[in-house]
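Working notes for the structure below.
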Amino acid sequence: MSSGRWMAGRMLRAGAAVRGVPPRLGIGVPTLRGKRGYAAGQDSLKRTPLYDFHRHHGGKMVDFAGWSLPVQYTRSHLESHLHTRQQCSLFDVSHMLQTKVFGRERVKFLESLVVGDIAELKPDQGTLSLFTNEKGGILDDLIATSTSEQHLYVVSNAGCRDKDLALMQDKAKEMKAAGYDVDVEVSENALLALQGPAMARVLQAGVSDSLAKLPFMSSAVMGVFGVQGCRVTRCGYTGEDGVEISVPASQAVELAENLLKDPTVWLAGLAARDSLRLEAGLCLYGNDIEESTTPVEASLTWTLGKRRRIAMDFPGAQIIVAQIKEKPKRKRIGLISTGPPIRQHMPVLGPEGKIIGEVTSGCPSPCLQKNIAMGYVESEHSKLNTDLMVEVRKKSCPALVTKMPFVPTHYYTVK
């Protein structure tokens, strides 16, 4: 059977991989079941600066974390996914919360909320980090960049927008009352993600700076196809080489249209974004990580700066550092299976048929032509190549604990 027919059949039966809890980030696919169609219920949703642009280009709009966003365009989810892996695609991620932190104590401010070592960042270097609570739970994931313009640039999830903003504003108010110099400003810019192996060639035609000097998780302000003042950050949520471009809202459509002039650039929506990030082994907030999940359980211990671990000066440090030493009771794992697709909330069973965990994300992999998933199991069952079972519609289906990412990532590093 061809890969197209295999995937089309799997996705049709499985609901086309459009399930999940509106997060980040980054950024997954909304639950469509129980939602009204486009004609009803869309007027109350927030719109990005590219809303009319999406409609014009055939975007199928859905409710995602209170925003009207395209789940896909005229091409199929499968075509869009594979094109991103082979060429490049343009995603609208303007629903993400973009903030800037100013002031002499901006690093002290952010380090009081996250687990990462923000002080060690070089100018225009960024890092993935986590907001945590006093119980060690993950409040949200974010990317923080220490800009050469003397502020921190923070991008966090749309689904956590209200609580993230309240968290930062309350901490800023507290620190200012204590005499510290810190201010939080919300950016109204749009945010476009250009992702895929052809990204560098496409974008280089519209910028004067050499993208060869811009490695993964670094950032620079530049003009992009005539639009001045764009912040280009080499990162993304697909596992491919890519950038996220923070662009003045009034010129977002102009930039998108210019990028689409290259025929290798296709528009892509939330459906492809979710399957791409799952193949890359990336977490979706609200599915794979949440307030009851610690960084250690989620296999995100690498986000903790070494200095921060020693100082134990971030929220939940006592619990998180203790888990590093003593090992957590459960752990996030990757799973590969054949047969019916694996979905969120399906029970994971041990060798004796006992429930030992739960799937948090799953879909048929367009690249592997197998079912992939991630979830949490009791730590004793988390070793690679362990044979487990997943309960799918009351039937036990074999699944193998597998290393993530499921497909190789292609982040760009300067040699």
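The values are calculated or read from the model by the stated rules, or taken from the named source; none is laboratory data. As the structure is a computational prediction, the values presented were derived from the model and not from experiment. Cβ atoms come from the backbone with ideal geometry, glycine included; neighbour counts cover every protein chain shown. Side chains included, ligands, DNA and RNA excluded: accessible areas come from the protein's heavy atoms. Shrake-Rupley method; radii C 1.70, N 1.55, O 1.52, S 1.80 Å.
Take the conditions modelled with pLDDT of 95 or more and either open to solvent by 30 Å² or more (accessible area, probe 1.4 Å) or within 15 Å of Leu167 (Cα to Cα) (or both) and apply them to Asp92. Does it pass?
So Asp92 does not fit the description; no.
For segment 352-371: of the residues being in contact with a Leu (Cβ under 9 Å, 6 or more places away or on another chain) and assigned to a loop (DSSP other than H, G, I, E, B), which is surrounded by the fewest Cβ atoms within 10 Å (Cβ to Cβ)?
Residue satisfying both the conditions and the ranking: Cys367.
What strands (runs of 3 or more DSSP E) completely inside segment 172-282 contain at least 3 residues that are buried (at least 22 other Cβ atoms within 10 Å of the Cβ)?
Output list reads 190-195, 227-233, 242-247.
Considering only segment 333-351, how many residues are open to solvent by 20 Å² or more (accessible area, probe 1.4 Å), of a type outside the set (A, V, I, L, M, F, W, C) and assigned to a strand (DSSP E or B)?
1
Would you mind stating whether Glu380 is surrounded by fewer than 17 Cβ atoms within 10 Å (Cβ to Cβ) and in a loop (DSSP other than H, G, I, E, B)?
In short, no.
Could you grab the pairs with beta carbons closer than 7 Å, sequence gap of 6+ or different chains, first residue in segment 297-325 and within 18 Å of Leu139 (Cβ to Cβ) and open to solvent by 20 Å² or more (accessible area, probe 1.4 Å), second one among the small types (Gly, Ala, Ser) and at pLDDT 95 or above?
Ile319/Gly136
Hey, could you check segment 383-400 for residues that are in a loop (DSSP other than H, G, I, E, B) and among the charged types (D, E, K, R) and say which is modelled with the highest pLDDT?
Here the answer is Lys383.
When you check Arg75 against the structure, is it open to solvent by 10 Å² or more (accessible area, probe 1.4 Å), at pLDDT 95 or above, under 19 Å from the mean Cα position of the chain (by Cα) and charged (D, E, K, R), yes or no?
So Arg75 fails the test.
Under 22 Å from the mean Cα position of the chain (by Cα) and closer than 24 Å to Lys135 by Cβ, is that true of Gly305?
Spelling it out, Gly305 is indeed under 22 Å from the mean Cα position of the chain (by Cα) and closer than 24 Å to Lys135 by Cβ.
Restricting segment 40-72 to residues that are at pLDDT below 95 and more than 25 Å from Gly239 (Cα to Cα), which is most open to solvent (accessible area, probe 1.4 Å)?
Taking the candidates together, the pick is Asp43.
Among the residues of segment 104-125, are any open to solvent by less than 10 Å² (accessible area, probe 1.4 Å), in contact with a Lys or Arg (Cβ under 9 Å, 6 or more places away or on another chain) and under 21 Å from Val232 (Cβ atoms)?
yes
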